[in-house]
Amino acid sequence: MRFNTYFLVSLGCAKNTVDSSSMAELLNRNGYTQVAKLNQARFIIVNTCGFIQSARQESIQMLKELARKKRPGQKLVATGCMTELYHQMVVEQVPELDGLLGTRRWMDIVNVVEGLRSNNLPTPLYHLPGNCAVSYDERGIPRIAQQGGSAYLKIADGCHRPCAFCTIPLIKGPTVSRPQTAILEEAIMLQESGAKEIILIAQDTTAYGHDRGEKEGLSSLLEALVKTVPRIPWVRILYAYPGCITDRLISVMAENPQILPYLDIPLQHAHPDILRRMKRPADMKWVYRTLDKMRKKMPQLAIRTTFIVGYPGETEKEFQVLLNFVREIQFDRIGVFPFSFEPGTASEELGDPVLSETKQKRLERLMLQQQEISLSKNRSFIGKALPVLIEGYDNGISAGRSYRDAPEIDGLVFIEGKLPVGEIVNIRVTGALTYDLIGNPI
Ligand code: SF4
């Protein structure tokens, strides 16, 4: 086991993936080497996720498993969202831990491992300076995570929204938008590295610039991006907030072919009473009007959304409204989550009255309905040409994504034969599965 080596596990969402990538870049610039095998590492780092109970359980399980495998001289460090808000729980459940670093101070990872090199300090070594905002102090480290031809680019962090069920504002603090100049510099870096897709991420991308008083911050950023990186074929937007899709944003998306006709807009529910109890925008007329406007401007638009079922007090009648809404709108992709009771959030006082069997049944009914919708939408692509970003090859089959597929959460396109990974290849669709497509190179 060499001294300056680390083994990094990244859990949770794309924003955590970027934080892991930035911590790795910082360690590398300070003489550390990332290793692929656990037993070769001096430092074992787990970038945890903590936004709901099930994610916290997964983080604890991972830490416990690595603690069991930890050898003399190895140091186990927990970073990320769970340590930021639940550090006491982490230490109680993983007493073998050597160091803790919160998600707001990811940039102090070198300080933590350097601190752990001297065996004189009491462990676990806590590095959780309170009341610090996210992402001001980036130390010139790119906020990107590149995988093959695709890269996440973080444009902001934190969230100022009041959603009653959500722990993110408690974990990350209010929205902090990154300087446009830094984002454009990183986009140029990605263009020069041959990236084909840039995926813009934040807790709420549509709030970009709002903390600086820029109501159309995201539209301005997109206009600057397409001018700055004309050789990046695909720009994708994730995590939009209902009520913040402006006419200018719709026009910028519709008029710039680089910006994919794809929108991820978590709506969480469709019954106004539930949305009000969630402290979410409850103007469903706005939702119908805006989706209609977008589909008129971008007929090939692919829409992804997410819903919570079993929110406190959700009646069968309210759930039926959601089921009917999803059938009516015909989304391309949906994610459905059972309500997770989160102490410390505004929804805590509502308790968790809906039985987990009821939540599970509602989740299955909604997904079953969506499977029919997804299959019929996929069938409508048979015979059509589709550009596909190739991401892998195995057993004679190449796999990739079309503009309708964000990484890790949407479908894939399977193509017979070995195609160049990291390149966009034109495909003729020959078959449709529930979530995926099959095709041949044109
Ligand atoms: S907008 Fe998203 S991240 Fe922000 S509080 Fe609401 S659910 Fe949480």
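Here are some notes:
- Sequence-distant contacts, meaning Cα pairs under 8 Å at least 6 residues apart, place the relative contact order of region 5-127 at 24 percent.
- If R0 equals 22 Å, the separation of the Cβ atoms of Asp211 and Gln258 corresponds to a calculated FRET efficiency of about 0.25.
- Added length on full extension, which subtracts the Cα-Cα distance from 0.36 nm per residue, Val421 to Gln34: 137.0 nm
- The charge dipole of the chain, taken about its Cα centre with unit charges on the Cβ of Lys, Arg, Asp and Glu (plus for the first two, minus for the last two), comes to roughly 420 debye.
- Check: region 5-127 dipole with +1 on Lys, Arg Cβ and -1 on Asp, Glu Cβ, in debye: 320
- Volume of the Cα convex hull of region 1-74, divided per residue and given in Å³: 76
- For Arg2, Arg248, Arg304, the ranking by accessible surface with the largest value first comes to Arg2, Arg248, Arg304, using a 1.4 Å probe.
- Largest to smallest principal axis extent of the C-alpha atoms in the chain, angstrom: 65, 52, 47
- Set Lys215/Lys377; Lys215/Lys359; Lys15/Lys37 screened for pairs whose C-alpha atoms are more than 29 Å apart: Lys215/Lys377; Lys215/Lys359
- Helical mean residue ellipticity (222 nm; -39500 (n - 2.57) per DSSP H run of 4+; nearest 500) of the chain: -11000 deg cm²/dmol
- Subtracting the Cα-Cα distance of Asp394 and Thr430 from 0.36 nm times their residue separation leaves 11.0 nm of extension gain.
- Solvent-accessible area of the chain (1.4 angstrom probe, protein heavy atoms only): carbon and sulfur portion equals 54 percent.
- 0 to 90° range, to nearest 10: angle between helix 14-29 axis and the chain longest Cα axis: 40
- Placing +1 on the Cβ of every Lys and Arg and -1 on the Cβ of every Asp and Glu, with no other charges, gives region 276-414 a dipole of roughly 860 debye about its Cα centre.
- Antiparallel content of DSSP bridges confined to the chain, in %, to 5: 35
- Three-way shape call for region 5-127 based on the alpha-carbon gyration tensor, with the a/c threshold at 1.5: rounded
- Environment charge at Pro129 (Cβ cut-off 10 Å; Lys +1, Arg +1, Asp -1, Glu -1): +1
- Taking every C-alpha pair closer than 8 Å and separated by at least 6 residues, the mean separation divided by the residue count of region 144-379 gives a relative contact order of 17 percent.
- Computed from Cα atoms, the angle from the helix 81-93 axis to the main principal axis of the chain rounds to 50 degrees.
- Relative contact order of the chain, defined on C-alpha pairs under 8 angstrom at six or more residues apart (%): 10
- Under 21 Å of direct C-alpha separation, and excluding same-chain neighbours fewer than eight residues apart, Lys285 reaches these lysines: Lys293, Lys296, Lys297, Lys317.
- Counted charge near Arg365, where neighbours are those whose Cβ lies closer than 15 Å (Asp, Glu -1; Lys, Arg +1): -1
- Probe 1.4 Å, accessible area per residue of the chain, Å²: 42
- Here the peptides 67-78, 263-274 are ranked by packing, the mean other Cβ count within 10 Å, and the order with the highest first is 263-274, 67-78.
- The C-alpha atoms of the chain define a longest principal axis, and helix 356-379 lies at about 60 degrees to it.
- Label-point separation, Lys317 to Ala182 (7 Å along Cα→Cβ), nm: 5.0
- Extension gain (nm, one decimal) between Ser118 and Lys377, 0.36 nm per residue minus Cα-Cα: 87.3 nm
The values are calculated or read from the model by the stated rules, or taken from the named source; none is laboratory data. The shown structure was predicted, so the numbers you read here are calculated from the model rather than taken from an experiment. Note that we place each Cβ from the backbone using ideal geometry, even for glycine, and neighbour counts take in every protein chain shown. Calculation scope for accessible area: heavy atoms of the full protein, side chains included, ligands and nucleic acids excluded. Shrake-Rupley method; radii C 1.70, N 1.55, O 1.52, S 1.80 Å.
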